[in-house]
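Since the structure comes first, as structure tokens, the remarks are kept for the end.
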Amino acid sequence: MKTLLATLLIALLTGCATGPAIDHTYSAKGQSSRVKFVVLHYTAINLPQSIKVLTQQTVSSHYLLTDEAAPIVYGLVDETRQSNHAGVSNWKNYTLLNGSSIGIEIVNPGFTESPTGRIWYPFPQAQVDRLIVLLQDIVKRHNIPPENILGHSDIAPQRKQDPGPMFPWDQLARHGLVAWPDAAKVAAARPVYDLMLPDVAWFQARLATVGYAVPQTGLLDEATRNVIAAFQMKYRPVTIDGAPDAETAALLDALTAPAIKPAA
């Protein structure tokens, strides 16, 4: 009797450990990756602190890219699982992007305040090169379009600045990883906007078309300026004052103007 009970107990425990038997003979056609976006961050702290925070606190990321001479990519959260990196966030019709994105934290000090303003820190080329390889792999596996490779400042412009104006988005664009305004279109549009700048409502509508969560009030309020500054940090980092100027208008025009279809 004792032997029988022991056998039954072992069988029961084994069943609990392995879970229910599931037949995977069939696979649904109507499915896609959970991952729709990649969000890039800087850590604003050094490597040892970054590892501690991202592994021992509630904030986390899928990957941590170090700033060493030979950068290392640490996988901290499996891509099938959600990491806590985006927080309150919006892009296009998506909200709370933790559930639909991969987060990459890049070790970088961010900025320090000085009497003349913020001093931002560059990203070593070796670090950028390693990031590009990582992104190429992620994009290929999850079929992520270039317009969905984002910075934290893109999805949360009211509270975040990372990865900051020193991040080389243009390098990512040259590898086809980021949507980028065509230089010829920008140059052609710039004189038009130098002569007559669109109103604030135009800027708000175009920024929303790109994907930003921006008020649609026609007023140049603080929230709108924050979104314009986030856009400028990515596409025109020389000046990130949040002013709706002609160059920003030309960049938005090149990114959002509908393509002209050839005559039939």
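The values are calculated or read from the model by the stated rules, or taken from the named source; none is laboratory data. Note that the structure is predicted; figures quoted are calculated from it, not measured. Quick reminder, even Gly has a Cβ in these numbers, built from the backbone with ideal geometry, and neighbours come from all protein chains shown.
Restricting region 203-219 to residues that are in a helix (DSSP H, G or I) and without any contact (Cβ under 8 Å) to a residue 24 or more places away in the chain, the residue that is farthest from P122 (Cα to Cα) is A205. Restricting V178, V192, V139 to residues that are closer than 25 Å to L219 by Cα and of a type in the set (A, V, I, L, M, F, W, C) narrows the list to V192. Just wondering, is there one or more residues in region 231-241 that are surrounded by 20 or more Cβ atoms within 10 Å (Cβ to Cβ), in a loop (DSSP other than H, G, I, E, B) and more than 21 Å from the chain's Cα centre (by Cα)? Taking every residue of region 231-241 in turn, none turns out to be surrounded by 20 or more Cβ atoms within 10 Å (Cβ to Cβ), in a loop (DSSP other than H, G, I, E, B) and more than 21 Å from the chain's Cα centre (by Cα). If you check T112, T58, T66, T95 for being out of contact with any Gly (no Cβ under 6 Å at 6 or more places or on another chain), among the β-branched types (V, I, T) and closer than 24 Å to A223 by Cβ, only one passes: T95. When A254 is tested against (1) surrounded by fewer than 20 Cβ atoms within 10 Å (Cβ to Cβ); (2) modelled with pLDDT of 95 or more; (3) farther than 18 Å from S89 by Cα; (4) of a type in the set (G, A, S), exactly one condition is not met: (1). Scanning region 183-201 for residues that are surrounded by 11 or more Cβ atoms within 10 Å (Cβ to Cβ) and either outside the structural domain of R225 (by TED's automatic domain parsing) or in a helix (DSSP H, G or I) (or both) gives K185, V186, A187, A188, A189, R190, V192, Y193, D194, V200, A201. The condition of being in contact (Cβ under 8 Å) with a residue 24 or more places away in the chain and under 29 Å from H62 (Cβ atoms) holds for only one of P198, P168, that being P168. The requirement of being part of a helix (DSSP H, G or I), in contact (Cβ under 8 Å) with a residue 12 or more places away in the chain and of a type in the set (A, V, I, L, M) is not satisfied by A179. Step by step: first the residues of region 130-144, then only those that are touching a residue at least 12 places away in the same chain (Cβ under 8 Å) and out of contact with any strand residue (DSSP E or B) (no Cβ under 8 Å at 6 or more places or on another chain), then the one that is surrounded by the most Cβ atoms within 10 Å (Cβ to Cβ). Which residue is that? Once the filter is applied, the top-ranked residue is I132. So for region 205-220 (the condition being buried (at least 19 other Cβ atoms within 10 Å of the Cβ), over 19 Å from the mean Cα position of the chain (by Cα) and not charged (D, E, K, R)), does at least one residue qualify? No - not one qualifying residue is present in region 205-220.
Counting only strands (runs of 3 or more DSSP E) wholly contained in region 54-107, the ones carrying 1 or more residues that are without any contact (Cβ under 8 Å) to a residue 40 or more places away in the chain, in contact with a strand residue (DSSP E or B) (Cβ under 8 Å, 6 or more places away or on another chain) and loosely packed, with under 14 Cβ neighbours inside 10 Å occupy 73-75. Condition test on V39, is it modelled with pLDDT of 95 or more, out of contact with any helix residue (DSSP H, G or I) (no Cβ under 9 Å at 6 or more places or on another chain) and aliphatic (A, V, I, L, M)? Here the answer is no, as V39 does not meet what is asked. The numbered conditions (1) within 15 Å of the chain's Cα centre (by Cα); (2) assigned to a loop (DSSP other than H, G, I, E, B) are all true for M166 except (1).
What do you reckon, is Q158 assigned by TED's automatic domain parsing to the domain that holds N98, closer than 30 Å to T112 by Cβ and polar (S, T, N, Q)? For Q158, the condition - assigned by TED's automatic domain parsing to the domain that holds N98, closer than 30 Å to T112 by Cβ and polar (S, T, N, Q) - is met.
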